[in-house]
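Novice: Okay, here's the structure, questions in a sec.
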Amino acid sequence: MADPIQQLRSFVRQSAETARLLDVDFIPVYRCGVLDVTLSEIVADPATEQASPRIAAAPPPAMTAPAKPAAAMPSPTKPAPALRPPPPAKPAIAPLDGPRPGFEPWPAPMPAEDAQARSAEERHAAMAALRARYDREQPHQLFKPVFNNLVWGEGDVRAAVMFIGEAPGEDEDLQGRPFVGRSGQLLDKMIVAMGIERSSLYIANVLKARPVNNKFPVEAEAAPSLPYLLEQIAIVGPSLIVTLGLAATRMLLDTEASMGDLRGRWSELTIRDGRRIPVMPTYHPSYVLRSYTEEVRGKVWSDLKMVMERLKQA
Ligand code: URA
């Protein structure tokens, strides 16, 4: 079995690395009673490397009272602004409102409790059936992508959190997997910093095929892909969704509001069977990489901390 101290060391290093990348403070504080270790034992591995200066500068952990992770990793930026009234929503586009030419009608949804009670095997079977339907109907033909592989999505079909992006990029198209390129690497680091394993999430995109020049198509061309994502959400039944970037957020929440209005507060998605799923929009990792300012990084981290807090209550 892996040495738990080594595992903690590796986790702390990865989290500190992400904090450095996002340029937010990282002060690890551990809940005690599980492992009787001190911060210096966790961080400093005399056999291999030195603790990073940022970690070494951190005060010793509170070893008696468990601390909230959010409090343990304060952002240097201002706290998230007080909740604002929700931005005006567009009238619902009702993407599942009936058959489209060449598309099968969607069957009535299974009752929410039954959907939520499905086993992992049943969810895998439902996902495979949905994928088969997608392959028959190929809604991406509406935006005429040039692609090598469809990127369906991956992860735990019983995940508590779904991350949703807009469309595969070049690396994703080549590998057939979501978020594996540069922005995926940043996303991975954010996920590690949240204390979550990527394999415990479900990650998908609104579009399953790479659009020409990575340009998100107009709504009329993209909207027919949305019902498949909504069905993926219904199969997984996550407690929370994080949308990455404006295109995915607007499609999923059916709004034209700006990212400035949407991020930093909870929205809600109601799926066909009536389940209401909280959604936290945040900036797309590729936007973070392009606009690598302290302000943007701090906002993303603040959004993710809200997700971590809410997850604890779920
Ligand atoms: N950008 C996305 O929105 N999705 C991916 O899978 C990769 C990059």
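Since every read-out is calculated from the coordinates, none of them should be taken as a lab result. If you're wondering where the values come from, they're calculated on a predicted model, not measured in any experiment. Backbone-built Cβ (ideal geometry, glycine too); neighbour counts: all protein chains shown.
Novice: At 7 Å along the Cα-to-beta-carbon direction for both Trp106 and Leu174, put a label point, then send me their distance in nm to one decimal.
Specialist: Simple spin-label model gives 3.5 nm for this pair.
Novice: Between Rg and the Kirkwood Rh of region 209-314, both from Cα atoms, what is the Rg to Rh ratio? Walk me through the intermediate numbers first.
Specialist: On the way: Rg = 14.3 Å, Rh = 14.8 Å.
Over the Cα atoms of region 209-314, Rg/Rh equals 0.97.
Novice: What distance in nm separates the simple spin-label points at Trp266 and Asn148, each placed 7 Å from Cα in the Cβ direction?
Specialist: Distance between the two pseudo-spin positions: 4.1 nm.
Novice: For a protection proxy built on the mean count of beta-carbon atoms within 10 angstrom, sort 234-242, 285-293, 306-314 highest first, please.
Specialist: Highest mean packing first, the order is 234-242, 285-293, 306-314.
Novice: From zero up to wherever the largest Cα-Cα distance of region 113-313 sits, split into 5 Å bins and tell me the percent of pairs in each.
Specialist: Pair shares across the bins are 1, 7, 16, 22, 22, 17, 10, 3, 1, 0.
Novice: Rounded to the nearest 0.05, what FRET efficiency is calculated for Gln138 and Thr293 with R0 set to 30 Å and r the Cβ-Cβ distance?
Specialist: Here the calculated transfer efficiency is 0.15.
Novice: Still on this structure: Among DSSP beta bridges whose residues both lie in region 113-313, state the antiparallel percentage, nearest 5.
Specialist: 35
Novice: Kindly flag which residue pairs out of Lys189/Lys299; Lys144/Lys215; Lys208/Lys305 have an alpha-carbon separation exceeding 20 Å in this structure.
Specialist: Among Lys189/Lys299; Lys144/Lys215; Lys208/Lys305, the Cα-Cα distance tops 20 Å for Lys208/Lys305.
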